[in-house]
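The values are calculated or read from the model by the stated rules, or taken from the named source; none is laboratory data. Everything numeric here is computed off the predicted structure, so don't read it as measured data. Because the Cβ atoms are built from the backbone with ideal geometry, glycine has one as well, and the counts that use them run over all protein chains shown. Each accessible area value is taken on the protein alone, full model and side chains, heavy atoms only, with ligands, DNA and RNA left out. Shrake-Rupley method; radii C 1.70, N 1.55, O 1.52, S 1.80 Å.
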Amino acid sequence: MDWDLKEELRDCLVAAAPYGGPIALLRNPWRKEKAASVRPVLEIYSASGMPLASLLWKSGPVVSLGWSAEEELLCVQEDGAVLVYGLHGDFRRHFSMGNEVLQNRVLDARIFHTEFGSGVAILTGAHRFTLSANVGDLKLRRMPEVPGLQSAPSCWTTLCQDRVAHILLAVGPDLYLLDHATCSAVMPPGLAPGVSSFLQMAVSFTYRHLALFTDTGYIWMGTASLKEKLCEFNCNIRAPPKQMVWCSRPRSKERAVVVAWERLLMVVGDAPESIQFVLDEDSYLVPELDGVRIFSRSTHEFLHEVPVASEEIFKIASMAPGALLLEAQKEYEKESQKADEYLREIQELGQLTQAVQQCIEAAGHEHRPDMQKSLLRAASFGKCFLDRFPPDSFVHMCQDLRVLNAVRDYHIGIPLTYSQYKQLTIQVLLDRLVLRRLYPLAIQICEYLRLPEVQGVSRILAHWACYKVQQKDVSDDDVARAINQKLGDTPGVSYSDIAARAYGCGRTELAIKLLEYEPRSGEQVPLLLKMKRSKLALSKAIESGDTDLVFTVLLHLKNELNRGDFFMTLRNQPMALSLYRQFCKHQELETLKDLYNQDDNHQELGSFHIQASYATGERIEGRVAALQTAADAFYKAKNEFAAKATEDQMRLLRLQRRLEDELGGQFLDLSLHDTVTTLILNGHNKRAEQLARDFRIPDKRLWWLKLTALADLEDWEELEKFSKSKKSPIGYLPFVEICMKQHNKYEAKKYASRVGPEQKVKALLLVGDVAQAADVAIEHRNEAELSLVLSHCTGATDGATADKIQRARAQAQKK
């Protein structure tokens, strides 16, 4: 170990993370013999003893330490507060285990891991348990009370069964299992008689098995459900052990428990004898997936069951295929003929494939590179004599061992086994390297394994950049430039995420500089708003051309700034002003009026008041007043036409109100033409003519209005009088057309004879007099009229007329 501990481990609170994780020591915890003025020191080391962090503890007394699955250090205090620190001693967050824990204080605590995350279990001074199965999504559960429990249990642990966390505790000779609703007394099957107390208990890494140490010196081993006994061992030591942990390998039938006393380590299982090791110094046990890590002030070792492949190859006088292949390869290097003999023996038994696989598998479980190379050379040698051996397993093992050897180096300090590495996955290992700020190694591994950019190098570079922004001794410009030079346009890297980290560290200017490199405006703008740089956010949103983004910033600015400053900001951004006007037209009309007033935009202000005049209800006074305001605005805008038209509308409104009062009926909001038409339809012809004179309606338009109205009334007599009142300014063809539209051919013929020569043919065709139309067309000698009449000739009835036209055409051509 690289550390230089001056105190024994027993004088510290110790926590070591699984999967070759870091070690946390809280030196000088609260002990009576220590001076009250001496503050504890929290130190974090790698598994090789390399220091990662050291900080003076300034909070309350700590009862227990533990590591989460994300390698965050959980410090459980006596008052029930749990403080969370990062790998480098940076404070992350804190949470409380509830008021009951605060009132009764914490006697003991456990940090445990489940498939849902990392949990915390608390034993309070009232001898009640409180539990949270996932500290990332804190939901506290108060476990049921144990009947008659007056003192702390002699030992307890957490179990995970059926995806639910339970508490198993011992009170004298009795065991109790607590779930979320019930407290059940349980009894391990086949337990030796005479037990008056359980002194220690341990659950396996996978929560499948349980070990109980009794005051009689017996160790009971069985399933965690307490339904099946595996074995029982008498260690002949009645003193309670310091630690007891399981030591087993995945898918192995062997079961073993490691028990540690002050200077003795004992490995027991279903064998009649134990394996004992004398400890030279105080040691600490860390259960792992496939064994037990044992570290002291000077060493860090790994105790595990010898893998089957290794045992087959290396046991004395082994004749396993792998052992023979290893010997064959060694003899081949010596240029000995024995290599051929060993190889022939394996081939004759048909076990060469098995031999290669054994050597590859055994290489994975070796920690010494020279032994790994020896086994892999043997496997490579054997492959040469196989026709169809898939190379994938060999190639992957070489790659995995190179990665494992790199992280096992004591400078890195992650002593993973092959089984742990496969369980952990390469992505999690890369994350742990990044947490340790070992960016170059993480990038080398990604490049060596050829991982996709987004999963590998890009993610690591992003983490590196987030770490870089925390270096406050470097200027903002230098940090931003360094990050951009390193990252460039790397796919999968978000500058906005890095900028958010910079802002979280209090470096707002650096965050703004980093956002300049962010190509996505949708990522820039929200962070700028969060940093209260709303005007810059507005500029970025406008540059993006995304109207939704601009609206988002505008609404934010409206709530942030006072009205005057908001309008001034809009005046400097024409696009934003235009979009805000569109918004106000639909949502905030009064704000729109204020905008027009501030800009002295009299033209739009006039249009606004005209629209407002139609939204003031049926009160004529309010509408006329709004129109008068609009007319004044148009005069200010020097729009004479709009002003006059508005004044005419005011006159028309007053007249329509007077007509309603005098004649009844509905006149308001009718157009001038509709008002005239309505008067004619109601028989008020003189009123209609007077209205036409007042508003200077041209004669042609008035004749059309009157013609249409009388025809709709089918007042043919009045229509005839009207046609004779004076010469029609619109001619008489419209009379023919209107009569035919009303399906009155008789009346139409009256006006057809009065139609002028240039429209005579069309009028006669409208009333169906094809023969007379043909005579007029022949008389006019107009080719277009002749063709028009000819197109109206149908069948035998108009055959003579058609012949007549054809003869006229022929004569015209001769001339």
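Taking all protein chains together, 778, 445 sort by accessible area into 778, 445, largest first [probe 1.4 Å]. Sparse packing (at most 12 other Cβ atoms within 10 Å of the Cβ) combined with a DSSP loop state is found for the following GluC sites (Glu not before Pro) in the stretch 73-137: 115. Placing unit charges on the Cβ atoms of the charged side chains and taking the dipole of the chain about its Cα centre, the candidate lying farthest along the positive direction among 576, 391, 424 is 576. Distance between the pseudo-spin-label points of residue 771 and residue 724 (7 Å out from Cα toward the beta carbon): 2.9 nm. Of the residues 682, 317, 479, the one whose Cα sits farthest toward the positive end of the charge dipole of the chain, with +1 on the Cβ of Lys and Arg and -1 on the Cβ of Asp and Glu, is 682. You can think of it this way: the chain between residue 644 and residue 273 has 122.0 nm of extra reach, that is 0.36 nm per residue less the Cα-Cα gap. Please enumerate, by chain and number, the lysines with C-alpha under 16 Å from the C-alpha of residue 532, excluding those fewer than 8 residues away in the same chain. Here the lysines satisfying the reach criterion relative to residue 532 are 513, 540, 558.
In what order, largest first, do 568, 740 sit by accessible area if the probe radius is 1.4 Å? The partial results should precede the final answer.
Details: 568 95, 740 50 Å².
Final ranking, largest accessible area leading: 568, 740.
Here the label points at residue 571 and residue 253, each 7 Å from Cα along the C-beta direction, are separated by 9.1 nm in the simple model. For the chain, the dipole from Cβ point charges (+1 on Lys and Arg, -1 on Asp and Glu) about the Cα centre works out to 2920 debye, to the nearest 20.
Only DSSP H runs of four or more residues enter the estimate; each adds -39500 (n - 2.57), and after division by the residues of the chain the mean residue ellipticity at 222 nm equals -14500 deg cm²/dmol.
Measuring r between the beta carbons of residue 399 and residue 611 and using R0 = 60 Å, the FRET efficiency lands at 0.25.
Return the subset of 721/804; 706/745; 373/422; 58/530 for which the Cα-Cα distance in this structure is over 29 Å, preserving the input order. List each step's numbers first, then the result.
Working: 721/804 38 Å; 706/745 20 Å; 373/422 20 Å; 58/530 32 Å.
Exceeds cut-off: 721/804; 58/530.
For the pair residue 299 and residue 472, label points projected 7 Å from Cα toward Cβ lie 4.5 nm apart.
Of the residues 14, 83, 267, the one whose Cα sits farthest toward the positive end of the charge dipole of the chain, with +1 on the Cβ of Lys and Arg and -1 on the Cβ of Asp and Glu, is 83.
For the pair residue 92 and residue 695, what calculated FRET efficiency results from E = 1/(1 + (r/R0)^6), where r is the Cβ-Cβ distance and R0 = 60 Å, to the nearest 0.05? Don't skip to the answer; put the middle values down first.
On the way: r = 80 Å, r/R0 = 1.34.
So the FRET efficiency works out to roughly 0.15.
Charge dipole (Cα centre; +1 on Lys/Arg Cβ, -1 on Asp/Glu Cβ; no other charges) of the stretch 43-165 amounts to roughly 260 debye.
Suppose R0 equals 41 Å. What FRET efficiency, 1/(1 + (r/R0)^6) with r the Cβ-Cβ distance, do residue 56 and residue 449 give to the nearest 0.05? Result of the calculation: an efficiency of 0.50. Of the solvent-accessible surface of the chain, computed with a 1.4 Å probe over protein heavy atoms with every protein chain present, carbon and sulfur atoms account for 49 percent. A 1.4 Å probe, protein heavy atoms only, puts the accessible area of residue 695 near 40 Å². In the chain, the ratio of gyration radius to Kirkwood radius, Rg to Rh, stands at 1.32 when only Cα atoms are counted. Available extension along the chain between residue 174 and residue 311 is 45.2 nm, counting 0.36 nm per residue and deducting the alpha carbon span. Counting only protein chain heavy atoms and rolling a 1.4 Å probe, the accessible areas of 160, 384 rank, largest first, as 384, 160.
Probe of 1.4 angstrom, ligands and nucleic acids ignored: what's the accessible area per residue over the chain, in square angstrom? Each step should come with its number before you reach the end.
On the way: 41160 Å² over 815 residues.
Averaged over the residues of the chain, the accessible area is 51 Å².
Using heavy atoms of the protein chains and a probe of 1.4 Å, the accessible area assigned to residue 154 is about 60 Å². If only the Cβ of Lys and Arg carry +1 and only the Cβ of Asp and Glu carry -1, the dipole of the stretch 347-387 around its Cα centre is close to 160 debye.
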